[in-house]
Structure formats: structure tokens, C-alpha cells
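The values are calculated or read from the model by the stated rules, or taken from the named source; none is laboratory data. All figures in this text were calculated on a predicted structure; none of them were measured in a lab. Note: ideal-geometry Cβ built from the backbone for every residue, glycine included; neighbour counts use all protein chains shown.
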Amino acid sequence: MARWLIDMAGVKITVRAKIGPARDVAKLALASMRYERTNTTQGIELNLTFKDNVWELVDRSNNLRRKLDQAGDVIYHLTDRIVFHLADKAKDVHCLHAASVAHGANALVVPANSGAGKSSFTCWLVANGFEYLTDELILVDSQGALEGLARPIQIKFHGLEAIDRLLVNPELVQKGKFATALPVESLDGIAASEAKKLALFVFPKYQKSAEFSFEKLSSAEAGMRLMANHVNARNLEGHGFRAMMNLIRNTPCYSLEYGGFDTLPSDFSSQLEAL
């Protein structure tokens, strides 16, 4: 039996997997995350087994049990449970439904609802030289220091065509019926190894055939958008509103609309680095 302990923001989650295919897919899911190998189970337990060509994921804390037959779906559901428990129980940091990448010590944060093109845009950023932090959940303190849950980037079926040309090592991609998992190495990228400093918010919106638009947001509008993606607000004093507004006031905030990677300016990654 292999065990991995994820300890973030005071929340402990142990992933257990039996030797064999269950352990192999768990290693892929957790490869870029910050974890410790352990011989004991601490905190919340997520248990993964493999039998008769089917993986079974069990989360006893929520009486959840899923049977899955493709590695990409296993990775999605396993990391989704980790995201859920962090957002549900973290009390000392702000958990945002957002992607994040870094340039040097500075982090670019991409808050967005599902379907806005967040994960696809993250692939483009990683393929253009940014370090990968997360495509789903960041944990940020009131001073702007943040770290991300660095799961493999999750791309839904309808988004695969858009990112196909970004892949450098497609053999590393783990396909699924619901979602396909892209290890950062499949984009020839690297995962950040340490916490970063919040430096820029970009709120994306992908819309087919839309022209490129990149505009600065007022603090009020950015604050409203950010709070819509604040997933543990109920655990924090004042629902975290004052702390988030302080971050917004001290961080450049932009909206991005685009109709595909071809609509992005050739120097757009350099513009983001400069900001």
C-alpha cells in the first residue's frame, strides 16, 4: 500500500493506493503537488484500488464511491476530491477557483467559472514559458503570497482540439471520457517549486469568433468578479471581502476576451510578463 500526505492550509488529506495500476495513476495525479510519503493515514482518506480493469475511488468522509475505467477520469475525480476538501475546510487562507502561472517570483492569477477557457488558457501560458501553479485552485494569504494545487491540467472533451497543437509530449496525456489530464511535461513546461507573490489578475472569457480584447478593470468590477470565485468565503471573517478588496486595490486587474489562440497577439506573453 502506498500513501501520500497532502498538507495545505492546515488541511490534511491522505491518498492511499494499492500497488499496481492504482498506485501508478495516483502517482501521475500527484506528481507536481507538494506531498510527503507516509506510512500512516492522517486527516481525510481517499482510497484508490484497481480490479477487473476498473479503478474504484472511495471518499468515506462524504460516503462517495466512483468506479472509473479510464486513467484521465481517475485523475480528474481524485484531484477534484482534494480540491473539494481544501475549499471546504481551509480557514486561514483564501481559496479561489482560479488557474495560476508564474514568471520569476510573480504569479498571474486567472479566476474564472467553468467554461470560460481557464484551463485552455493555462495550457497556452505554460507552452509560452510560464511556470505552472494550478488550473483549478489557489490558496492565497492576506499578504498576497500564494500556492496552487498543481494537478495535471484538466481539459474537457470540447477543448481538446484547441490545445492539440501546444502538446510537445502527447504520449504523456491521460485520456478520459469526462476529462483528459495533461501533465505539465506534456506541454514541455515545469511546475513551480515554491510559493509566489500575487502580481496580476486576468479574468478570461473565451467566445468563438470573438476578437481580442484586453482591458483594465476597476477595483469594484474586479472585486465582484473575484468574490464570485472565492470558494471558502463562508469560513472567513467577513467572508473574506475586505482582504480580497485589499488585494484587488494593490494588484493590476484585466479582462481578457478572445476567440482562440490565433487571436492573441504574438507578443501577448511578453505583455503579461511585463505587467
Self-check item: Matching strands (runs of 3 or more DSSP E) fully within region 142-258 where at least 2 residues are closer than 22 Å to H103 by Cβ, of a type outside the set (F, W, Y) and without any contact (Cβ under 8 Å) to a residue 60 or more places away in the chain
Solution: 145-148, 213-216, 253-258
Exercise. Go through (1) over 24 Å from I163 (Cβ atoms); (2) buried (at least 19 other Cβ atoms within 10 Å of the Cβ) and name the single condition N235 misses.
Key: (2)
Quiz prompt | Residue check, L96 crowded, with 19+ Cβ neighbours inside 10 Å and not in a strand (DSSP E or B) | solution = no
Exercise. Would you be able to say whether some residue in region 157-172 is among the polar types (S, T, N, Q) and either within 20 Å of L272 (Cβ to Cβ) or more than 11 Å from the chain's Cα centre (by Cα) (or both)?
Key: yes
Exercise. Keeping to region 1-19, report how many residues are among the β-branched types (V, I, T) and touching a helix residue (DSSP H, G or I) at 6+ places or on another chain (Cβ under 7 Å).
Key: 4
Self-check item: Selection status of D7, surrounded by fewer than 17 Cβ atoms within 10 Å (Cβ to Cβ), at positive phi and assigned by TED's automatic domain parsing to the domain that holds Q70
Solution: no
Quiz item: For region 253-268, how many residues are surrounded by 14 or more Cβ atoms within 10 Å (Cβ to Cβ) and more than 18 Å from H230 (Cα to Cα)?
Solution: 9
Exercise. For T40, state whether it is farther than 30 Å from G223 by Cα and in a strand (DSSP E or B).
Key: no
Exercise. Would you mind stating whether V101 is on the phi < 0 side of the Ramachandran plot, assigned to a strand (DSSP E or B) and at pLDDT 95 or above?
Key: yes
Quiz item: Of the residues that make up region 57-65, is at least one in contact (Cβ under 8 Å) with a residue 24 or more places away in the chain and either of a type in the set (A, V, I, L, M, F, W, C) or part of a strand (DSSP E or B) (or both)?
Solution: yes
Quiz prompt | L256 at pLDDT 90 or above, farther than 19 Å from A116 by Cα, out of contact with any helix residue (DSSP H, G or I) (no Cβ under 6 Å at 6 or more places or on another chain) and among the aliphatic types (A, V, I, L, M) | solution = no
Quiz item: Residues of region 19-56 being among the β-branched types (V, I, T) and without any contact (Cβ under 8 Å) to a residue 60 or more places away in the chain, which ones?
Solution: I19, T38, T40, T41, I44, T49, V54
Quiz item: Condition test on L149, is it surrounded by 19 or more Cβ atoms within 10 Å (Cβ to Cβ) and more than 16 Å from E257 (Cα to Cα)?
Solution: yes
Quiz prompt | Scope region 112-133; condition in a strand (DSSP E or B) and within 30 Å of E45 (Cβ to Cβ); matching residues | solution = Y132, L133
Quiz item: Of (1) surrounded by fewer than 15 Cβ atoms within 10 Å (Cβ to Cβ); (2) at pLDDT below 90, E221 satisfies all except one. Which?
Solution: (2)
Quiz item: Among the residues of region 129-141, is any surrounded by fewer than 17 Cβ atoms within 10 Å (Cβ to Cβ), within 30 Å of G10 (Cβ to Cβ) and of a type in the set (S, T, N, Q)?
Solution: no
Practice problem: Can you work out which of the residues in region 55-88 that are among the charged types (D, E, K, R) and under 28 Å from C253 (Cα atoms) is surrounded by the fewest Cβ atoms within 10 Å (Cβ to Cβ)? | Solution: D88
